[in-house]
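K.L.:
Structure in structure tokens, see below.
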Amino acid sequence: MQRRYNTQQICFEQEFSLDGLDEALQQQAFEVMQEERQSGRIGYYDLPRNSAQMVYDAASRLHKLESKFSKSIQTIVVIGIGGSSLGIKAIDTLLHPALREQKEIVYLENSDPVELSYALERIHKGRSLFFLISKSGGTIETISIFKMMLTHFNIHLDGADKERFFIITDEGSILSQFAKQYGLNEFNIPENVGGRFSVLSAVGVLPLLAAGFNVPKILDGASSMIERFFAGQEMHVLQKAAFMTTHKEHYPINVLFGYSNLFEQLGKWFVQLWAESLGKVDAQGNRVGLTPIGLTGAVDQHSFLQLIIEGPRNKTVTFMKIDNFENGLMIPDISLKFLEKTNFANSLPFNTLINAQCDATKESLLQCDVPVDTITLARIDEETVGAILAYFELLTSAAGAMMHINTYDQPGVELGKVILQKRFAK
């Protein structure tokens, strides 16, 4: 039953049955995605290519700023929430251990006063660049934090401080109008790119570039995955989407079980992408959706695994692992009295141990007839990270097309915003 697909230093293994899956459904979804791209209705498919020129423009501006500030910039401050921050955090977390010279990124997301107060202690205005990100331009958390920053750091946008701010928003939004009023650095999100699909637009490109990441390589990895998909070379994406959507009544919950702390923020990004895209009312008026859960191995073997194995059989599980962590940390070859039963792991690299735990957990689920698949990254580098982001975006679009929903709107979220505004208007 196991099927393996290798591409871009990533191995995709599927161990669920394809019996009963409608190939016509997969072809229809592929055609829908082709139309979305060719018509220009959905723009994320072409972001890796379209963002390449922006990289050079942004790099030039950032270089001039760093020279002006005597290269004193040490901190990149991202003010944004949801699609305006989750993708950046995912890339930052995945690539952080491999880099040595990148600047710290501080995220100001939630309207949590304790967390905001803690973050302020890590920010020095004179050593920071600020990226204010909101697609709509009026995100209440983001703008409220921005107001707080202006007051706390005594920032004057009609003076030299304005050069430290980059505004990333939709062209013509109220935030765009604000940026133009004060002559702030402004970059726009393409109108046909939704917030949760925007990480490879200015949203992610600018802060990551400013922090010192090799953004062109991330874009190359994503572009290659997307082009291979539309060339018919990544059809496993459609197979997985077909399995999940065909069996959505039986398996409504999808678990992403990443065996490394490096995957934790990727899991949070995936949760927003999957939940906000697929939780909809379909063309027949039915409430549909697939519920995502992000877990971290081996930690969550000790918290959630029991539920998967002996609880309701309503989950599929995607394992993620890293073949080579490029880290030689070993378990010492010592024996401790009363703890001898753990000696089987002596002299093993932790790299070997965590991947063996992943494999053993997967085998336990297979024995319990839980549908699983595995994504193995040969190593963590920029191209691989770009490719895996594009993979999950393509998977989401395919699932949405098969469920006959609008994958790219979020009317349920907008309702809460209206209620909040009315409550404070009273």
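K.L.:
Would you mind telling me which residue in Gly221, Gly416, Gly126 has the biggest mean-square fluctuation in a Gaussian network model of the chain, where springs connect alpha carbons within a distance under 10 angstrom?
P.N.:
Gly416
K.L.:
Quick one: among Leu307, Leu295, Leu25, which has the greatest mean-square fluctuation in a GNM of the chain with alpha-carbon springs under 10 angstrom?
P.N.:
Among Leu307, Leu295, Leu25, the largest GNM mean-square fluctuation belongs to Leu307.
K.L.:
I've got another one for you. Mind checking the angle between helix 350-367 and the chain's longest principal axis? C-alpha axes, 0 to 90 degrees, to the nearest 10.
P.N.:
Taking Cα atoms only, the helix is inclined about 60 degrees.
K.L.:
Let me have the relative contact order for the range 44-213, percent, based on Cα pairs under 8 Å that are six or more residues apart.
P.N.:
Averaging sequence separation for qualifying contacts and normalising by length gives 32 percent for the range 44-213.
K.L.:
Now for a separate question. Between Ala378, Pro292, Ile10, whose Cα lies farthest towards the positive end of the dipole of the chain when Lys and Arg beta carbons carry +1 and Asp and Glu beta carbons carry -1, centred on the Cα centre?
P.N.:
Pro292
K.L.:
Also: With only Lys, Arg, Asp and Glu charged, each at its Cβ (+1 for the first two, -1 for the last two), find how big the charge dipole of the range 44-213 is about the Cα centre; round to the nearest 20 debye.
P.N.:
Charge dipole, the range 44-213, about its Cα centre: 420 debye, nearest 20.
K.L.:
How large is ³J(HN,Hα) for each residue in the range 140-152, as worked out from phi by the Karplus curve 6.51 cos²θ - 1.76 cosθ + 1.60 (θ = phi - 60°), to whole Hz, x for Gly and Pro?
P.N.:
4, 4, 5, 5, 5, 5, 4, 4, 4, 5, 4, 6, 4
K.L.:
Ok, one more. In the P(r) worked out for the range 201-247, what percent of Cα pairs fall beyond 17 Å?
P.N.:
Counting every Cα pair in the range 201-247, those more than 17 Å apart make up 52 percent.
K.L.:
Farthest toward the dipole's positive end in the chain, which of Gly40, Tyr107, Tyr408, given Cβ charges of +1 (Lys, Arg) and -1 (Asp, Glu) about the Cα centre?
P.N.:
Tyr107
K.L.:
Report the charge-dipole magnitude of the chain in Debye, nearest 20, computed about the Cα centre from +1 at each Lys and Arg Cβ and -1 at each Asp and Glu Cβ.
P.N.:
Using Cβ point charges on Lys, Arg, Asp and Glu, the chain gives about 1220 debye.
K.L.:
Next up: Between 0 and 90 degrees, rounded to the nearest ten: what's the tilt of helix 23-39 against the longest Cα principal axis of the chain?
P.N.:
Orientation of helix 23-39: about 10 degrees from the principal axis.
K.L.:
Using only the Cα atoms of the range 255-357, what semi-axes does the equivalent ellipsoid have when each is the square root of 5 times a gyration tensor eigenvalue? Give whole Å, largest first.
P.N.:
37, 16, 8
K.L.:
Measure up Lys268/Lys422; Lys240/Lys362; Lys103/Lys125; Lys147/Lys180 against 19 Å on the Cα-Cα distance and list the ones that go over.
P.N.:
The answer is Lys268/Lys422.
K.L.:
Quick check on the range 44-213: what are the equivalent-ellipsoid semi-axes from the Cα gyration tensor, as sqrt(5λ), descending, whole Å?
P.N.:
Those come to 21, 19, 17 Å.
K.L.:
How high is the relative contact order of the chain, in percent, with contacts defined as C-alpha pairs under 8 Å that are six or more residues apart?
P.N.:
Reported relative contact order: 22 percent.
K.L.:
State the answer as a single residue: which of Tyr259, Ala211, Gln53 lies farthest towards the positive end of the charge dipole of the chain, with beta carbon charges of +1 for Lys and Arg and -1 for Asp and Glu, about the Cα centre.
P.N.:
Ala211
K.L.:
Now a separate question. Quick one: what do you get for the chain if you divide its Cα Rg by 2.2 N^0.38 Å?
P.N.:
1.03
K.L.:
Between Asn50, Asn188, Asn346, which gets the highest mean-square fluctuation from a Gaussian network model of the chain, Cα cutoff 10 Å?
P.N.:
Asn346
K.L.:
List the trypsin sites (Lys or Arg not before Pro) within the range 1-77 that DSSP assigns to loop and that have no more than 14 neighbouring Cβ atoms inside 10 Å.
P.N.:
Arg41, Lys71
K.L.:
For the chain, take the longest principal axis of its alpha carbons; what is the angle in degrees between that and the long axis of helix 215-230, to the nearest 10 within 0 to 90?
P.N.:
Helix 215-230 and the main axis of the chain meet at about 50 degrees.
Readers should treat all values here as calculations from the given coordinates under stated rules, not as data from a laboratory. Computed from a predicted model, the values in this text were never measured in an experiment. Cβ coordinates were reconstructed from backbone atoms using ideal geometry, including for glycine residues, and neighbour counts include every protein chain displayed.
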